[in-house]
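The values are calculated or read from the model by the stated rules, or taken from the named source; none is laboratory data. These numbers were taken from a predicted model, which means no experiment stands behind them. Cβ: placed from backbone, ideal geometry, glycine included. Neighbour counts: every protein chain shown. Side chains are part of the model used for accessible areas, which takes the heavy atoms of the whole protein and leaves out ligands, DNA and RNA. Shrake-Rupley method; radii C 1.70, N 1.55, O 1.52, S 1.80 Å.
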Amino acid sequence: MTARTDRAFRIAPSILSADFARLGEEVAAVEAAGADLLHFDVMDNHYVPNLTVGPLVCASLRPRTKLPIDVHLMVKPVDRLVPEFARAGANLISFHPEASEHVDRTIALIRESGCKAGLAFNPATPLGFLDHTLDKLDLVLLMSVNPGFGGQQFIASVLPKIAEARGRIAKSGRDIWLEVDGGVRADNIAEIAKAGADTFVAGSAIFGAKDYAATVRDMRTRLAAS
Ligand code: DX5
Ligand code: ZN
């Protein structure tokens, strides 16, 4: 599948790779560098073997940026955190279906809280979870690493899955974003776009670079040529 030229591409730096001692400045820096979204990774040391940040940190970043905050919940249980993140200023909230007892109820809860709803798929999680949920989703998030850590290598077997998800979205006729998360870098972003993604999470590739703006520009140039 080739990338459609009418598709908007979005770049979402993941704060997981930011300098947490200077988080406000880091967020301002990626906004100035041309980011479209701020990807906010929430890990609970239960659903994934790592521990990050919660609604308090989201709330303190909210007045520091105009970027939509794209919360990626890697937590179990999910539901009690949804209204808290909505109150903390999240714009999108995604969760993993394995972490929720009632996937449809969690999607409804996110939407009732005033946020856009996303479903997140680990590399080995089948897309069958979209069968009865796609018409209520705003975002499909495909993990291209196993969740828990930044700086891992992109799992190439996710590429056909991206194409399959794009096909399902096209068939739905709805404007659902297709986000890919894990191991996205300037040198593979075009290939990921060609498979059908339109929203790209990049943690270490952006925050690990000396010049954030040059990296975002490089990614956009490669996307435009994809
Ligand atoms: C991993 C997180 C990712 C991560 C991506 O569990 O969901 O958002 O920060 O980091 P990179 O881009 O370094 O793979
Ligand atoms: Zn993430």
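Which pairs do you get when a residue that is under 15 Å from residue 219 (Cβ atoms), found in segment 32-46, comes within reach of a residue that is open to solvent by 30 Å² or more (accessible area, probe 1.4 Å) and assigned to a strand (DSSP E or B), reach meaning Cβ atoms under 9 angstrom, with the pair 6+ apart or on two chains?
35/10; 36/10; 37/10
Identify the single condition in (1) more than 22 Å from residue 198 (Cβ to Cβ); (2) touching a Phe, Trp or Tyr at 6+ places or on another chain (Cβ under 9 Å); (3) of a type outside the set (A, V, I, L, M); (4) in contact (Cβ under 8 Å) with a residue 40 or more places away in the chain that residue 113 does not satisfy, given that it satisfies every other one.
Going through the list (1) more than 22 Å from residue 198 (Cβ to Cβ); (2) touching a Phe, Trp or Tyr at 6+ places or on another chain (Cβ under 9 Å); (3) of a type outside the set (A, V, I, L, M); (4) in contact (Cβ under 8 Å) with a residue 40 or more places away in the chain, residue 113 breaks only (4).
Could you tell me whether residue 64 is among the charged types (D, E, K, R) and out of contact with any Ser or Thr (no Cβ under 8 Å at 6 or more places or on another chain)?
Numbers: among the charged types (D, E, K, R): yes; out of contact with any Ser or Thr (no Cβ under 8 Å at 6 or more places or on another chain): yes.
It is true that residue 64 is among the charged types (D, E, K, R) and out of contact with any Ser or Thr (no Cβ under 8 Å at 6 or more places or on another chain).
Out of (1) open to solvent by 30 Å² or more (accessible area, probe 1.4 Å); (2) closer than 23 Å to residue 91 by Cα, what's the single condition that is false for residue 155?
Here residue 155 meets the rest and fails (2).
Just for segment 142-152: of the residues that are more than 10 Å from ligand 2 (Cβ to nearest atom) and open to solvent by 20 Å² or more (accessible area, probe 1.4 Å), which one is farthest from residue 130 (Cα to Cα)?
Going through the qualifying residues, I end up with 151.
Looking only at segment 164-188, filter to residues that are away from ligand 1 (no atom under 11 Å from the Cβ) and hydrophobic (A, V, I, L, M, F, W, C); which one of those is surrounded by the most Cβ atoms within 10 Å (Cβ to Cβ)?
Within segment 164-188, the match that is surrounded by the most Cβ atoms within 10 Å (Cβ to Cβ) is 165.
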